């Protein structure tokens with residue numbers, strides 16, 4: 001674990017060093033791309049003013065709401081679709097039709113339906129997460145060994161007991177992986193949505209800094225987005241190391 005963090009700090013330090021050398025050697029103006037020192041000062045300024053904290057909380061709130069709504073609806077639907085072939089045949093064409101449509105293409109409709117504020121951003125996060133999670137969950141159920149299902153049938157398991165004791169534990173590793181990938185996509189979408197649909201959040205912070213010609217704040221916002229995304233990914237990776245998930249993966 002310590003070696004992993006050391007490697008991350010080493011790579012990050014090298015990246016900052018290369019960044020500093022490039023903008024210094026090529027004499028890049030600050031209004032084009034700022035130096036690391038300028039970005040660090042901008043981060044300190046936004047921390048002291050509370051600007052970074054307020055906008056980070058706003059973005060995390062929207063992602064949490066939209067993503068949670070997607071998980072609690074998409075995962076159960078995917079579990080059912082994985083077992084009910086007739087329902088899968090009926091709904092899969094619709095899901096595959098809607099899934100490739102970029103959530104950003106829904107921005108005009110979201111603004112028309114919900115106006116300016118949190119709701120359109122939450123709606124976009126829900127859309128960006130729902131369809132991939134349904135596909136991930138359905139695929140994970142279809143990949144379960146038929147041996148497990150036959151044994152469960154021999155023991156008289158059916159209905160909710162079958163889902164709770166066999167299907168969900170067996171599919172959990174792939175579901176967690178799907179959640180990890182989808183959460184990264186949701187974090188990308190919220191930043192883009194906040195540049196258009198709301199007046200707070202990290203996306204709004206970046207577009208507002210750009211309009212003010214504060215490129216140091218723009219890059220500072222990008223750094224904050226990257227660090228928060230890294231923390232979110234680390235949280236999901238922690239779920240992947242849970243004993244029940246590890247056991248399910250090893251039994252495959």
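The values are calculated or read from the model by the stated rules, or taken from the named source; none is laboratory data. All values reported here derive from a predicted model rather than from experimental measurement. With ideal geometry, Cβ positions are generated from the backbone for all residues, glycine too; neighbour counts draw on all protein chains shown.
Summary table
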item: Residue in the stretch 114-122 that is in a loop (DSSP other than H, G, I, E, B), within 27 Å of the chain's Cα centre (by Cα), modelled with pLDDT under 90 and within 17 Å of residue 203 (Cβ to Cβ) present; result: yes
item: Positions within the stretch 66-86 being surrounded by fewer than 15 Cβ atoms within 10 Å (Cβ to Cβ) and within 13 Å of the chain's Cα centre (by Cα), in sequence order; result: 68
item: Every residue from the stretch 6-39 that is surrounded by 15 or more Cβ atoms within 10 Å (Cβ to Cβ) and out of contact with any helix residue (DSSP H, G or I) (no Cβ under 8 Å at 6 or more places or on another chain); result: 23
item: Residue that is over 12 Å from the mean Cα position of the chain (by Cα) and in a helix (DSSP H, G or I), where the choices are 207, 144; result: 207
item: Restricting the stretch 210-252 to residues that are under 22 Å from the mean Cα position of the chain (by Cα) and not in a helix (DSSP H, G or I), the residue that is modelled with the highest pLDDT; result: 241
item: Among the candidates 163, 204, residue that is touching a residue at least 40 places away in the same chain (Cβ under 8 Å) and under 20 Å from residue 124 (Cβ atoms); result: 204
item: Test: residue in the stretch 184-197 that is crowded, with 18+ Cβ neighbours inside 10 Å and more than 22 Å from the chain's Cα centre (by Cα); result: no
